[in-house]
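Chemist: After the structure tokens below, expect a handful of questions from me.
The values are calculated or read from the model by the stated rules, or taken from the named source; none is laboratory data. Since this is a predicted model, take the numbers as computed values, not measurements. Here the Cβ positions follow ideal geometry from the backbone for every residue, glycine too, while neighbour counts run over all protein chains shown. Just so you know, the surface numbers come from the protein's heavy atoms only, side chains and all, with ligands and any DNA or RNA stripped out. Shrake-Rupley method; radii C 1.70, N 1.55, O 1.52, S 1.80 Å.
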Amino acid sequence: MAFLADALSRVKPSATLAVTQKARDMKNAGREVIDLSAGQPDFDTPDNIKNAAIEAIRRGETKYPPVSGIVPLREAISKKFKRENNLDYRPEQTIVGTGGKQILFNAFMATLNPGDEVIIPRPYWVSYPEMVALCGGTSAFAETSIDNGFKLTAAELEKAITPKTKWLLMNSPSNPSGAAYTEAELRALADVLLKHPHVWVLTDDMYEHLTYGDFVFKTIAEVEPKLYDRTLTMNGVSKAYAMTGWRIGYAAGPVQLIKAMDMIQGQQTSGACTIAQWASVEALNGPQDFVAKNKAIFQNRRDLVVSMLNQARGITCPSPEGAFYVYPSCEGLIGKKTPGGKIIDNDETFCTELLEAEGAAVVFGSAFGLGPNFRISYATSEALLEEACTRIQRFTASLS
């Protein structure tokens, strides 16, 4: 009898974490590496949020919290959804988890049976299909392309739905592509979903506040209220508030689903860190002016990276609507050779050779389900981004 669970054979390690670790190892060995693999803001958590955590400690807010979250945070989440998304969720319809990952995992654990399918558009965040597999479900991948901005179309959604479909998992703005859905695009998807009442929607809105130019963010239950009763709307404080290490995600949805997720979480981790929850109350209720300032910085970085990558030989880089990633194609370099004679036969080889030759760490697109592409996080300084893109230009020019 095998000691390890069979479920582990269905799961792959996180490619993003693997690249980050390799870059870290190379730095420790004395190499100069620019790491563009990490999916977190380089800004510090705002002082008012840190001070709220300190005050919570001083008040003695250090005991076990309720499983679903402290009442002030659940109230703040309800107010946030009303204020920013025109969605009415009572506090008892909300749940707080240890990061967005736990919210997603608990939702799948609470709802998936063997054979149930979850529609996941490609490219996808690397953890989505692994969570589905661990929870006993099956990922049904829906196709997108660089030509339509890496967005799921109504036709592709219709094609992917089967009697076994339980969820459509959406992420807008997207990790890894930065693609964000307009109200009209969400309307088209909603029209398909209305014809299939057995399909629920899990919408990952973690990058909601990072959209650029004139883009107006919408979430699907806001666009189509008839989907409200079968939508779990997920968000968190990680990206907009530079609080990745605080590990707070949250969601709102039908009470029956929230109660099921609460039961799982109660037997799993119990409530999220009390101190981080009080900090999150301040994040949602406190001043929001820094969000716009950080967004402007990210937009300038996006424009710099897109411009420089499109000047690199064999690279095509669309300009995404949101998040802090670009997802360029390296298709024009497949079949080329490095000066050492290595053939670039796929996007993983491209990224490996780039890292070895130039010390620029990016994540290969096939890890996100769609290649030949690669993901760059531009959540770092313009100086480092300019140097990294210069290295990419130099590497692509060296291929023959």
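Chemist: At what distance in angstrom do the alpha carbon centres of segment 269-289 and segment 199-240 lie from each other?
Modeler: 20 Å
Chemist: Roughly to the nearest percent, how much of the accessible area of segment 123-273 is carbon and sulfur, given a 1.4 Å probe?
Modeler: Working: 2950 of 5340 Å².
Answer for segment 123-273 is 55 percent, counting heavy atoms of protein chains only.
Chemist: Then there's this: Once you keep just the Cα pairs under 8 angstrom separated by 6 or more residues, what percentage relative contact order results for segment 1-159? Don't skip to the answer; put the middle values down first.
Modeler: Numbers: 128 pairs, mean separation 29.1, N = 159.
Taking the mean separation of contacting Cα pairs over the length of segment 1-159, I get 18 percent.
Chemist: For His196 and Ser9 in the same chain, what is the full-extension length gain: residue separation times 0.36 nm, less their Cα-Cα distance, in nm? If you can, show how the numbers build up before the last one.
Modeler: Numbers: separation 187, 0.36 × 187 = 67.32 nm, distance 3.25 nm.
Working it through step by step, the gained length comes to 64.1 nm.
Chemist: Ile54: accessible area at probe 1.4 Å, nearest 10 Å²?
Modeler: 70 Å²
Chemist: Give the percent of DSSP beta bridges with both residues in the chain that are antiparallel, rounded to the nearest 5. Don't jump to the answer; show the numbers that get you there.
Modeler: On the way: 16 of 35 bridges.
Restricted to the chain, the bridges split so that about 45 percent are antiparallel.
Chemist: Sorting Ile334, Ile57, Ile34 by accessible area (1.4 Å probe), largest first, what list results?
Modeler: Ranking Ile334, Ile57, Ile34 by accessible area, largest first, yields Ile57, Ile334, Ile34.
Chemist: I'd like to verify something in the chain: which complete DSSP H helices, judged by Cα projection on the helix axis, reach 27 Å or more and average at least 0.0 on the Kyte-Doolittle scale? Before the final figure, lay out each step's value.
Modeler: Details: long enough: 289-309 (31 Å, 0.03).
Correct list, ordered by number: 289-309.
Chemist: Further, regarding this structure: To the nearest 20 debye, what charge dipole does the chain have about its Cα centre, counting +1 at the Cβ of each Lys and Arg and -1 at the Cβ of each Asp and Glu? Write down the numbers at each step before the final one.
Modeler: Details: 41 positive and 45 negative charges, 112 e Å.
Using Cβ point charges on Lys, Arg, Asp and Glu, the chain gives about 540 debye.
Chemist: Leaving out ligands, DNA and RNA, and with a 1.4 Å probe, what % of the accessible surface on segment 1-111 is carbon or sulfur?
Modeler: Numbers: 3480 of 6280 Å².
After summing per-atom areas, the C and S share lands at 55 percent.
Chemist: Applying 1/(1 + (r/R0)^6) with R0 = 51 Å to the Cβ-Cβ distance of Asn51 and Lys164, what FRET efficiency is obtained, to the nearest 0.05? Working shown, then result.
Modeler: Values: r = 50 Å, r/R0 = 0.97.
Once rounded, the FRET efficiency stands at 0.55.
Chemist: Amide H to amide H, which residues 5 or more places from Tyr325 or on other chains are under 5 Å from it, using H placed in the peptide plane?
Modeler: Tyr378
Chemist: Right, here's the next one. Which order do you get for Met1, Met109, Met131 if you rank them by accessible area with a 1.4 Å probe, largest at the top? Could you put the intermediate results ahead of the total?
Modeler: Working: Met1 230, Met109 80, Met131 15 Å².
From most accessible down to least: Met1, Met109, Met131.
Chemist: Which cross-chain or sequence-distant (5 or more) residues have an amide H under 5 Å from the amide H of Thr144, H modelled 1.01 Å from N in plane?
Modeler: Placed amide hydrogens put Arg122 under 5 Å from Thr144.
Chemist: Pop out the ³J(HN,Hα) list for segment 203-211 in order, Karplus 6.51 cos²θ - 1.76 cosθ + 1.60 with θ = phi - 60°, rounded to Hz; leave Gly and Pro as x.
Modeler: In residue order, the calculated couplings are 10, 8, 9, 4, 9, 3, 7, 10, 10 Hz.
Chemist: Ignoring ligands and nucleic acids, what accessible area does Glu117 show with a 1.4 Å probe (Å², nearest 10)?
Modeler: 40 Å²
Chemist: While we're on this one: Dipole of the chain (Lys/Arg Cβ +1, Asp/Glu Cβ -1, origin at the Cα centre): which of Ala312, Cys330, His209 lies farthest to the positive side?
Modeler: Of Ala312, Cys330, His209, it is His209.
Chemist: Let me ask something else. Given a cut-off of under 8 Å on Cα pairs at least six residues apart, what relative contact order in percent is computed for segment 113-263? All intermediate terms of the calculation are to be shown ahead of the outcome.
Modeler: Numbers: 257 pairs, mean separation 26.8, N = 151.
18 percent.
Chemist: Name the residue farthest towards the positive end of the dipole of the chain from the options Gly340, Ala388, Gln267, assuming +1 on Cβ of Lys and Arg, -1 on Cβ of Asp and Glu, about the Cα centre.
Modeler: Gln267
Chemist: For the chain, with every protein chain kept in place, what is the accessible area per residue (1.4 Å probe, Å²)? Can you show the working numbers first?
Modeler: Values: 16650 Å² over 400 residues.
For the chain, the per-residue accessible area is 42 Å².
Chemist: Right, next: Given an 8 Å cut-off on Cα distances and at least 6 residues of separation, report the relative contact order of segment 299-354 as a percent. Display every interim value, and only then the final one.
Modeler: Details: 54 pairs, mean separation 12.3, N = 56.
Dividing the mean separation by the residue count of segment 299-354 yields 22 percent.
Chemist: Using heavy-atom solvent-accessible surface (probe 1.4 Å) with all chains present, what is the largest-first order of Ser381, Ser400?
Modeler: Values: Ser381 45, Ser400 95 Å².
The most accessible residue leads, giving Ser400, Ser381.
Chemist: Please report the spacing between the Cα centers of segment 74-114 and segment 348-382 in Å, no decimals.
Modeler: Taking the Cα centre of each part, segment 74-114 and segment 348-382 sit 32 Å apart.
Chemist: Given the rule -39500 (n - 2.57) for each run of at least 4 DSSP H residues, summed and divided by the residues of the chain, what is its mean residue ellipticity at 222 nm, to the nearest 500 deg cm²/dmol?
Modeler: For the chain, the value works out to -12500 deg cm²/dmol.
Chemist: Here is a further query. What distance in nm separates the simple spin-label points at Ala155 and Asn346, each placed 7 Å from Cα in the Cβ direction?
Modeler: Distance between label points: 2.9 nm.
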